1. Compute the accessible area per residue over the stretch 118-239, keeping the other protein chains in place, probe 1.4 Å, unit Å².
2. How big is the stretch 19-80 by Rg and Dmax over its Cα atoms, in Å?
3. As an exercise, identify the trypsin sites (Lys or Arg not before Pro) in the stretch 48-132 lying in DSSP coil whose Cβ has no more than 16 other Cβ atoms within 10 Å.
4. Would you check the accessible area of residue 169, probe 1.4 Å, heavy atoms only, in square angstrom rounded to 10?
5. Note down the magnitude of the dipole of the chain about its Cα centre, charges +1 on Lys and Arg C-beta and -1 on Asp and Glu C-beta and zero elsewhere, to the nearest 20 debye.
6. Heavy atoms only, 1.4 Å probe, whole protein assembly: order 129, 198 by accessible area, highest first.
7. In whole Å and largest first, what semi-axes does the C-alpha gyration tensor of the stretch 46-179 yield when each eigenvalue is scaled by 5 and square-rooted?
8. Give the distance, in whole Å, between the Cα centre of the stretch 100-136 and the Cα centre of the stretch 189-230.
Amino acid sequence: MPIRAVLWDIDDTIFDYAGADRTGMRLHLEGVGLPEAYASVDEALDAWKAITVRHWARVAAGETDFLGQRRDRVREFLSRALTDAEADDWFAGHVTHYEAAWALFPDVLPALDRLVPDYRHAILSNSSTGHQHRKLTALGVRDRFEAMVCAVELGISKPEAGAFHAACEALALDPHEVAYVGDEPDIDASGAVAAGLTGIWLDRRGRGGRSDLVRITGLDQLPGLLAGDTRFGAPDTFG
C-alpha cells in the first residue's frame, strides 16, 4: 500500500529551533550579562545547548514537565539556586528574543506546496501542544497540518512506538501508510521504522554515518523520494 500521509517533527525539521535559540540567548546575555562560569559568549551558548538537550531528555523520560525543564535549565546554566518565580523571570527574557527569531527553514513551504496534492500532513512532537500550536500559528503553517500529537499531553515520547501509533490513529491510517520526517536519526527515523512507519532522517547538517537509514539532506529531496516509493530502496540514497 502506498504512503498516504507525511508525519512531521517540528524543531530543527521545519522550524529552525537551534538558530532561534542561539540567537535568542545571545541577545539575552547581552542584556543580563555573561554568567561568571563562562569565559566567552560562545562557551555559554554551547553550554546552554548541551543543558537543553539533557533536560529535554528528562521530559521524554517522564522525570520532569515542560515548566520544570525550563526552570532546571536556568538553574544549571547559572549555577545558582533560584525560586521558580526567579527562574521563570530569567527565562522570560530569553523567550522574548528567541520568539523574535522564529523562522521556518527556506525549503519548508516549497516542499509542503509540492506535497499537498498527494499526501495528508500531521505533526508528532516531543513538546507540548499549546507551545507548538502557538509556534506553528505564528509561523503561518498551523493550517497545513490536519492533526498534531504532542508527547507532553500524550504521556508517551518518541522514540516509543506508542507515540508514533497515536499520531497514525489521529490520521486514521495504519503505520505502513505513513512516512515520518525528522532531524534525529534515533529518536525520529529509527523510532518510526521500529513502529512500522517509513522513517526518513532529515540530515540538514550532513552528519551521515547511518547507512541503515533513509537519509535526505534537504526537504527539496522529499517529494521525489516519496513519488518513487519503492519503500525507498537502499538507505542513505540522498546523502
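The values are calculated or read from the model by the stated rules, or taken from the named source; none is laboratory data. Quick caveat: nothing in here was measured; it's all calculated off a predicted structure. Here the Cβ positions follow ideal geometry from the backbone for every residue, glycine too, while neighbour counts run over all protein chains shown. Ligands, DNA and RNA are excluded from the accessible area calculation, which covers all protein heavy atoms including side chains. Shrake-Rupley method; radii C 1.70, N 1.55, O 1.52, S 1.80 Å.
1. For the stretch 118-239, the per-residue accessible area is 40 Å².
2. 11.9, 34
3. 80
4. Estimated to the nearest 10 Å², residue 169 gives 140 Å².
5. 160 debye
6. 129, 198
7. Numbers: eigenvalues 189, 72, 27 Å².
Value: 31, 19, 12 Å, ordered largest first.
8. 17 Å
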